[in-house]
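Engineer: I am attaching a structure below and will ask some questions about it afterwards.
The values are calculated or read from the model by the stated rules, or taken from the named source; none is laboratory data. Worth saying up front: this structure is predicted, and the values here are computed from it rather than measured. Every residue, glycine as well, gets a Cβ built from its backbone with ideal geometry; the counts of neighbours run over all protein chains shown. Note: areas computed on protein heavy atoms with side chains; ligands, DNA, RNA excluded. Shrake-Rupley method; radii C 1.70, N 1.55, O 1.52, S 1.80 Å.
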Amino acid sequence: MRRAVPLKKAGGNVKCSTMTNTEASFDVIVVGGGPAGLAAAIALSQTGARTALVARQAPYADNRTTALLGGSVDFLDELGVWPLCRDRAAGLKAMRLVDDTGRLIRAPEVRFVASEIGLDVFGYNIANAVLVDALERRAADIDQLSRIAEDAESVRCDANAVTVTTSSGRSLTAQLVVGADGRHSLCREAAGIGVSRRTLQQAALTFNITHARPHHEVSTEFHTPQGPCVFVPLPGDRCSVVWVAAPKEAERLYALDDDALSAAAERQSHSIFGRVHVEPGRHLFPLAIERPQRYAQNRVALIGEAAHVVPPIGAQGLNLGLRDGIDLASVVSKAKAAGEDLGAPQVIARYGAARRADILSRTFVIDVANRSLLSDLVPMQSLRAVGMHLIGGFGPLRRLAMREGLAPSWRNARKAG
């Protein structure tokens with residue numbers, strides 16, 4: 001069975017790979033050059049698999065950031081990426097959750113401190129542009145990784161291989177293709193994998209600020225009736241802001257000039273940072289929850305936003321994507337050692353089995369937390385307040401929540417087993 005899906009050709013100049021052959025064969029081809037795709041390509045190449053990364057090389061387009069938690073930092077360190085960007089990241093020593101709904105029934109403030117579970121920090125907040133630059137530099141140093149700096153033009157899945165045709169007409173084949181090409185993944189479509197989507201009546205406005213008072217490496221999340229607004233430390237007296245609101249309110253905030261948005265951010269932060277100044281650049285995007293019917297099929301494995309889209313709550317998005325790369329590299333390494341076809345149904349099924357519980361559980365928790373915040377029902381507000389009170393006041397439960405927030409405990413048990 002063949003499926004061919006055309007990809008939109010990029011305009012402008014494209015930096016081309018040094019490869020000169022019009023046809024080439026690999027063990028694995030990764031399509032998509034975002035953080036998840038780059039990390040997966042590096043990890044797969046380190047298994048000994050002949051790997052190609054197909055994606056244009058261009059400066060990261062915006063100033064959004066990512067809070068990398070525990071295992072994600074360890075993964076990047078193992079890949080040789082973290083030393084290239086560590087000095088441009090801010091540590092996260094504590095996280096505060098503040099009920100700012102103004103409702104009759106409100107949850108108490110909850111504070112999570114990394115030292116309570118024996119850690120210096122929960123993780124680090126880093127600009128996506130800085131992270132992508134470090135990933136690109138590391139990828140360029142790996143002989144086992146061929147960088148094809150072009151868009152994919154088409155993806156065709158056959159019984160024995162997948163063929164990717166690039167924008168210059170180059171034909172690449174592999175046993176396995178990794179779809180790291182985002183929420184509108186054409187690799188996913190080529191594999192015939194359907195996706196369920198639920199649009200949320202929320203949008204996220206992102207921007208960065210400078211402020212007068214230090215953040216002390218504490219991330220503060222204000223829960224409003226329309227969604228969370230989180231201030232995450234950046235190096236120096238700076239924070240990244242993710243402000244989730246109803247679409248019309250988010251659009252109103254987005255349209256404010258810098259002075260007005262600075263004043264709005266200062267009010268929303270209750271002036272805990274003193275005077276606030278918005279830096280140039282802001283982004284607005286609608287929120288949704290998306291999940292594919294399968295995580296792998298027809299010699300295509302999905303990672304990153306091709307495999308899961310969740311609201312920016314609890315810093316789970318890219319951390320999930322990096323765990324996709326960890327699990328996929330583990331499956332490929334074992335299959336290669338056993339002499340198996342890397343794209344065979346039984347091999348990619350192992351990847352799907354490895355990812356299912358992690359993705360579904362994280363999506364469920366994020367969805368429930370978001371719904372409980374938005375609900376106007378008094379019983380739901382009461383339940384949320386009681387839950388937050390238990391987490392904040394009962395040490396063993398709070399420590400469990402912190403550990404599970406960093407990574408599912410069953411993953412560590414599986415590794416130890």
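Engineer: Can you tell me which residue among A174, A191 is surrounded by 19 or more Cβ atoms within 10 Å (Cβ to Cβ), touching an Asp or Glu at 6+ places or on another chain (Cβ under 8 Å), among the small types (G, A, S) and over 18 Å from L322 (Cβ atoms)? Spell out the reasoning first.
Structural biologist: On the way: A191 fails: touching an Asp or Glu at 6+ places or on another chain (Cβ under 8 Å).
Answer to the check: A174.
Engineer: How many residues are among the hydroxyl-bearing types (S, T, Y) and either open to solvent by 50 Å² or more (accessible area, probe 1.4 Å) or out of contact with any strand residue (DSSP E or B) (no Cβ under 7 Å at 6 or more places or on another chain) (or both) if we restrict to region 239-263? Spell out the reasoning first.
Structural biologist: Kept after step one, since they are among the hydroxyl-bearing types (S, T, Y), are these residues of region 239-263: 240, 254, 262.
After this cut, where a residue has to be either open to solvent by 50 Å² or more (accessible area, probe 1.4 Å) or out of contact with any strand residue (DSSP E or B) (no Cβ under 7 Å at 6 or more places or on another chain) (or both) as well, the list is 254.
Qualifying residue count for the region: 1.
Engineer: Report, by residue number, each residue of region 264-317 that is β-branched (V, I, T), over 19 Å from G182 (Cβ atoms), open to solvent by less than 40 Å² (accessible area, probe 1.4 Å) and modelled with pLDDT of 95 or more. Before you say what the answer is, go through the steps one by one.
Structural biologist: Residues of region 264-317 β-branched (V, I, T): 272, 276, 278, 289, 300, 303, 309-310, 313.
Cutting the leftovers down to over 19 Å from G182 (Cβ atoms) gives us 272, 276, 278, 313.
Those left that are additionally open to solvent by less than 40 Å² (accessible area, probe 1.4 Å): 276, 278, 313.
Of everything in region 264-317, those that are β-branched (V, I, T), over 19 Å from G182 (Cβ atoms), open to solvent by less than 40 Å² (accessible area, probe 1.4 Å) and modelled with pLDDT of 95 or more turn out to be V276, V278.
Engineer: Restricting attention to region 108-128, report how many residues are touching a residue at least 40 places away in the same chain (Cβ under 8 Å), over 15 Å from A90 (Cβ atoms) and either of a type in the set (D, E, K, R) or outside any loop (DSSP other than H, G, I, E, B) (or both).
Structural biologist: Within region 108-128, residues that are touching a residue at least 40 places away in the same chain (Cβ under 8 Å), over 15 Å from A90 (Cβ atoms) and either of a type in the set (D, E, K, R) or outside any loop (DSSP other than H, G, I, E, B) (or both) number 6.
Engineer: Another question, if that's okay. Please go through (1) open to solvent by 30 Å² or more (accessible area, probe 1.4 Å); (2) at pLDDT 70 or above; (3) of a type outside the set (D, E) for V14 and return the number of the only condition it doesn't satisfy.
Structural biologist: (2)
Engineer: Does T206 satisfy the criteria of being closer than 30 Å to E150 by Cβ and either touching a residue at least 24 places away in the same chain (Cβ under 8 Å) or in contact with a Phe, Trp or Tyr (Cβ under 8 Å, 6 or more places away or on another chain) (or both)?
Structural biologist: yes
Engineer: Could you run through region 197-218 and say how many residues are modelled with pLDDT of 95 or more and more than 18 Å from the chain's Cα centre (by Cα)?
Structural biologist: So the answer is 12.
Engineer: Report, by residue number, each residue of region 375-386 that is surrounded by fewer than 17 Cβ atoms within 10 Å (Cβ to Cβ) and closer than 21 Å to P311 by Cα.
Structural biologist: S375, D376, M380, listed by residue number.
Engineer: Going by the structure shown, is D87 part of a loop (DSSP other than H, G, I, E, B), open to solvent by 20 Å² or more (accessible area, probe 1.4 Å), out of contact with any Gly (no Cβ under 9 Å at 6 or more places or on another chain) and acidic (D, E)? Quick ask: steps written out before the conclusion?
Structural biologist: On the way: part of a loop (DSSP other than H, G, I, E, B): no; open to solvent by 20 Å² or more (accessible area, probe 1.4 Å): yes; out of contact with any Gly (no Cβ under 9 Å at 6 or more places or on another chain): yes; acidic (D, E): yes.
Judged against the criteria, D87 is not a match.
Engineer: Considering only residues of region 100-112 that are open to solvent by less than 50 Å² (accessible area, probe 1.4 Å) and within 25 Å of the chain's Cα centre (by Cα), which is farthest from V378 (Cα to Cα)?
Structural biologist: The selected residue is F112.
Engineer: Does region 212-222 contain at least one residue that is farther than 30 Å from G325 by Cβ and basic (K, R)?
Structural biologist: Within region 212-222, one or more residues are farther than 30 Å from G325 by Cβ and basic (K, R).
Engineer: How many residues does region 231-276 contain that are assigned to a strand (DSSP E or B), touching a residue at least 40 places away in the same chain (Cβ under 8 Å) and within 30 Å of A385 (Cβ to Cβ)? Talk me through it step by step, then tell me what you get.
Structural biologist: Within region 231-276, the subset assigned to a strand (DSSP E or B) is 231-234, 238-245, 276.
Checking which are touching a residue at least 40 places away in the same chain (Cβ under 8 Å) leaves us with 231-234, 238, 240, 242, 244-245, 276.
Adding the requirement that they be within 30 Å of A385 (Cβ to Cβ) leaves 231-233, 240, 242, 244-245, 276.
Of the residues in that region, 8 qualify.
Engineer: Which one of S115, S146 is over 26 Å from E305 (Cβ atoms) and of a type in the set (S, T, N, Q)? Walk me through how you get there before you give the answer.
Structural biologist: On the way: S146 fails: over 26 Å from E305 (Cβ atoms).
Going through S115, S146 in turn, just one is over 26 Å from E305 (Cβ atoms) and of a type in the set (S, T, N, Q): S115.
So that you can scan it fast, the table gives a plain yes or no per residue for (1) farther than 19 Å from V31 by Cβ; (2) of a type outside the set (A, V, I, L, M, F, W, C):
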residue	(1), (2)
V309	no, no
A315	yes, no
N319	yes, yes
L322	no, no
S330	yes, yes
A335	yes, no
G339	yes, yes
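Engineer: Among the residues of region 143-171, which ones are open to solvent by less than 20 Å² (accessible area, probe 1.4 Å) and either touching a residue at least 40 places away in the same chain (Cβ under 8 Å) or among the charged types (D, E, K, R) (or both)? Step through it out loud before you land on a result.
Structural biologist: Start the filter on region 143-171 by keeping residues that are open to solvent by less than 20 Å² (accessible area, probe 1.4 Å), which leaves 145, 148-150, 152, 155, 157, 162-164, 166.
Scanning region 143-171 gives L145, I148, A149, E150, A152, V155, C157, V162, V164, T166.
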